[in-house]
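Notes for the one structure printed next.
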Amino acid sequence: MDRLLNVVRASVRGVSLVLLALLIVTPLAQIVMRGVFNVPMAGAEELARYFLISLTFIAAAYVTREGGQIRMEELQGVLPPRPRWLLQLLIELAGIATFATLCVAGAITIGDNLNNQTATLEMPFWLFMAPLVVGSLLLVVETGVMFLRTLRRGRPEEKHTVLT
């Protein structure tokens, strides 16, 4: 199981880096085409928006894994260990429920709009919405792993936040 998770995590990181590169290159290509050759790229804005949305949802699981999500650490830092542990469990459960809801809502939306497409690029709607479903599913998995680790540990995660 850990081996599969590591492969998925490496893939998520690689895909995120590619999406970031595409997000940078697309507007740059639009500027060069318009400024140098006086020929605008049709749909460059929609394509850049798609790369931004995809990067946001796909990379969110990596951010969660690395501890980059907001976790109210300042509040946790002033709590005693037992309530802090319970709060951490509650935050992770709320994350799982939220991300699962997003995943199901995205899948239902895709199912209801299989024949639709985006306006400019005429991209199939399911392709446009896929990063939401995939990213939310990855977030459910990563947040679930965090929840299980916190539960098994039986104590709160140590915080290194300096309160001033």
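None of the figures in this text is laboratory data; all of them are computed from the coordinates on show. Predicted, not measured: the structure shown is a model, and the values here were computed from it. Cβ coordinates were reconstructed from backbone atoms using ideal geometry, including for glycine residues, and neighbour counts include every protein chain displayed.
Quick one: dipole size for the stretch 2-153, taken about the Cα centre, charges +1 on Lys/Arg Cβ and -1 on Asp/Glu Cβ, in debye to the nearest 20.
Dipole size: approximately 620 debye.
Could you tell me which chymotrypsin sites (Phe, Trp or Tyr not before Pro) in the stretch 6-90 are loop residues by DSSP with no more than 13 other beta carbons within 10 angstrom of their beta carbon? Don't jump to the answer; show the numbers that get you there.
Numbers: sites: Phe37, Tyr50, Phe51, Phe57, Tyr62, Trp85; in loops: Phe37.
For chymotrypsin sites (Phe, Trp or Tyr not before Pro) across the stretch 6-90 that sit outside H, G, I, E and B with at most 13 neighbouring Cβ atoms in 10 Å, the list reads Phe37.
Quickly rank 88-100, 136-148, 105-117 as a protection proxy: mean count of other C-beta atoms within 10 Å, highest first.
Working: 88-100: 16.8, 136-148: 20.2, 105-117: 13.2.
Ranking, from highest mean packing down: 136-148, 88-100, 105-117.
Between Leu4 and Thr101, the simple label model (points 7 Å from Cα in the Cβ direction) yields a spacing of 2.8 nm. A helix-only calculation puts the chain at -26500 deg cm²/dmol for mean residue ellipticity at 222 nm, using -39500 (n - 2.57) for each DSSP H run of at least four residues, averaged over all residues. Under 19 Å from the 7 Å Cα→Cβ point of Gln69, by amide nitrogen: which residues of the stretch 106-145? Of the residues in the stretch 106-145, 106-107, 131-145 have backbone N under 19 Å from the label point off Gln69.
Compared with the dominant Cα axis of the chain, that is its longest principal axis, helix 125-153 is turned about 20°. For Leu28 and Asn116, what does the FRET efficiency come to when R0 = 25 Å and r is the distance between their Cβ atoms, rounded to the nearest 0.05? Approximately 0.25, to the nearest 0.05.
Taking the square roots of five times each eigenvalue of the Cα gyration tensor of the chain, the equivalent ellipsoid has semi-axes of 37, 20, 14 Å, listed largest first. Based on the Kirkwood radius over alpha-carbon pairs, what is the Stokes-Einstein translational diffusion coefficient of the stretch 91-164 at 4 °C with 1.567 mPa s viscosity, in µm²/s? Value of D from the Cα-based Kirkwood radius: 90 µm²/s.
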